[in-house]
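The values are calculated or read from the model by the stated rules, or taken from the named source; none is laboratory data. All of these numbers come straight from a predicted model, not from anything done at the bench. Cβ atoms come from the backbone with ideal geometry, glycine included; neighbour counts cover every protein chain shown.
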Amino acid sequence: MENNRLWWLRIPIAFFLILGLMEFFIDSGNKLAILEYPMAQAFMLFILLLIIAIELILAAIENVMFQTLSEEGKERYLAAKNEKWEWEWGKRTYSKLLGSKPMEAEGEIILDHNYDGIRELDNKLPPWWVYMFYASIIFGVAYMVRFHVFNDYDQVMEYEQEVAAAQLEIEEYKKTAKDMVDVNTVELLTDASDLSAGQAIFETNCVACHMADGGGGIGPNLTDANWILGGGIKNVFHTISEGGRDGKGMVAWKQNLKPLEMAQVASYVLTFEGTTPANPKEPQGDIWVDDNTGLQGAEGD
């Protein structure tokens, strides 16, 4: 039996359809789940083998059923299977839009002009071209009325509106994009993963001046309520980013740490307040009262 089944098309379509569904439902961040998780690779390999097995089983069943037919039935089955499918409505629509006459009817539209045996046909414009021409006229009239009669928005106004909308989208994105925070948008991080990352940064870069328990050494005590340049997440983030007092404060870390890392370590520093260090340094600065005034903190010594 001649096998013209489109197995070579169905197998990749089914495989990539299931792959797409898997990628849609499995959250793997910016990477593909099939590359990130070995189990996903094993699953898709199983799916591929299963699809191939199903195709082989269907082919075997079809062959067995074919062998049970009579000779006449086999001929009818093969004729039906080899019959090409045609989209009748599409063919009729295409012929109507084209508007051309068949070759046997060209005698009806032939002109008397004769150029060295070359005859000219009086074909009408294709309906699809005529419809597009009418549509362009309607569009032109509507455009003229809208923008030249009623003076709707112009290109400058449209540009300004799109820029304003884009700016709003950027601001909304910044609120949720941790790595794009700045001193105005930073918020206190409380997730264990963020605090753990902040602790690692603090123990790598800050313990030499502030001690591991925040009690202070070269730098001030971080466990009391006093702050030299103001407390709160915004002030602490600003101090880490821009550095301390000129000439005697800590260096600016904005060249070494990413915004997210500064937000993490600032949030971790604030967890020291109220704890009891082994050798606390005397308080420096004034007691900080969070009055939601951003960077306006207490004046330091």
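Below, the figures for the structure above:
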read-out	value
Residue match in the range 176-185 (condition: in contact with a Pro (Cβ under 7 Å, 6 or more places away or on another chain) and assigned by TED's automatic domain parsing to the domain that holds Thr275)	no
Contacts under 9 angstrom Cβ, first residue in the range 80-104 being over 30 Å from Asp122 (Cα atoms), partner not hydrophobic (A, V, I, L, M, F, W, C), 6 or more apart	Lys81/Glu2; Lys81/Asn4; Lys81/Arg5; Asn82/Glu2; Asn82/Asn4
Considering residues of the range 216-238 that are under 12 Å from Val186 (Cβ atoms) and of a type in the set (Val, Ile, Thr) only, the residue surrounded by the fewest Cβ atoms within 10 Å (Cβ to Cβ)	Ile233
Index of the failed condition, Ile18 passing every other in (1) within 30 Å of Asn63 (Cα to Cα); (2) loosely packed, with under 14 Cβ neighbours inside 10 Å; (3) at pLDDT 90 or above	(2)
Qualifying positions in the range 138-161 - among the hydroxyl-bearing types (Ser, Thr, Tyr) and modelled with pLDDT of 90 or more	Tyr143, Tyr159
Entirely in the range 62-179, the helices (runs of 4 or more DSSP H) that have 3 or more residues that are within 30 Å of Leu257 (Cβ to Cβ)	155-176
Condition check for Leu48: under 22 Å from Leu9 (Cα atoms), touching a residue at least 24 places away in the same chain (Cβ under 8 Å), surrounded by 10 or more Cβ atoms within 10 Å (Cβ to Cβ) and not charged (D, E, K, R)	yes
Gly215 vs. criteria at pLDDT below 90 and more than 13 Å from Ala266 (Cα to Cα)	no
Check on Asp182, surrounded by 10 or more Cβ atoms within 10 Å (Cβ to Cβ) and over 25 Å from Ser241 (Cβ atoms)	no
